[in-house]
Amino acid sequence: FVLFLLSLISFSLLSRTTGYLVTYAGVRFPGAGDIPAGFDALSAIPGMVWAQMIATWALMEAANSNTPGELNGFKPEFPGDFRNGALDFGWDKLDDAAKKRKRSIELNNGRAAQMGILGLMVHEKLGNVADILP
């Protein structure tokens, strides 16, 4: 069980760190080779790409909003409950205390990943990313 939890935590942190490192190493999507890494990319992204990103974010927020009611016969238990009734993984068999504990663990793992990325962003602004990353 402990190995399972460690693998989940490490996957969560490493997947975000890997994305940062791959971008920092210069790997780019086709057609985006001239866009720099890090904060410098914000000013280099074309306006139409910003429009597409904002439209995508808006659609995602609208699709996952906290609208009351059922969707395809499934009623969410809490905000952020994106199960659709097809995948359960044993959630419905847990008691309320276990559900609260698992949700708290997931929130804390997300917060830890956000702090890791924030640390990388701070070091990029300080100019010493090359000192801490290979």
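The values are calculated or read from the model by the stated rules, or taken from the named source; none is laboratory data. Values in this document were obtained by computation on a predicted structure and should not be read as measured data. Cβ placement follows ideal geometry from the backbone for every residue including glycine, while neighbour counts extend to all protein chains displayed. Side chains are part of the model used for accessible areas, which takes the heavy atoms of the whole protein and leaves out ligands, DNA and RNA. Shrake-Rupley method; radii C 1.70, N 1.55, O 1.52, S 1.80 Å.
Below is a table of values for the structure above.
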{"item": "Test: residue in segment 86-95 that is closer than 24 Å to Leu42 by Cα, basic (Lys, Arg) and surrounded by fewer than 12 Cβ atoms within 10 Å (Cβ to Cβ)", "result": "no"}
{"item": "Check on Ala32, in a helix (DSSP H, G or I) and either at pLDDT 70 or above or over 21 Å from Glu124 (Cβ atoms) (or both)", "result": "no"}
{"item": "Qualifying residues in segment 60-74 (those that are open to solvent by 80 Å² or more (accessible area, probe 1.4 Å) and either among the hydroxyl-bearing types (Ser, Thr, Tyr) or at pLDDT 75 or above (or both)) - the one farthest from the chain's Cα centre (by Cα)", "result": "Thr67"}
{"item": "Residue within segment 11-21 that is surrounded by 10 or more Cβ atoms within 10 Å (Cβ to Cβ), at pLDDT 75 or above and on the phi > 0 side of the Ramachandran plot present", "result": "no"}
{"item": "Scope segment 91-105; condition in a helix (DSSP H, G or I) and in contact with a helix residue (DSSP H, G or I) (Cβ under 9 Å, 6 or more places away or on another chain); matching residues", "result": "Trp91, Lys99, Lys102, Ile105"}
{"item": "Among (1) closer than 30 Å to Ala37 by Cα; (2) in contact (Cβ under 8 Å) with a residue 12 or more places away in the chain; (3) of a type in the set (D, E, K, R), the one test that Arg103 misses", "result": "(1)"}
{"item": "Residue among Trp57, Trp50 that is open to solvent by less than 100 Å² (accessible area, probe 1.4 Å) and either modelled with pLDDT of 75 or more or among the acidic types (Asp, Glu) (or both)", "result": "Trp50"}
{"item": "Matching residues in segment 107-134 - criterion: being among the hydrophobic types (A, V, I, L, M, F, W, C), under 20 Å from Leu42 (Cα atoms) and open to solvent by 60 Å² or more (accessible area, probe 1.4 Å)", "result": "Leu118, Met121, Val122, Leu126"}
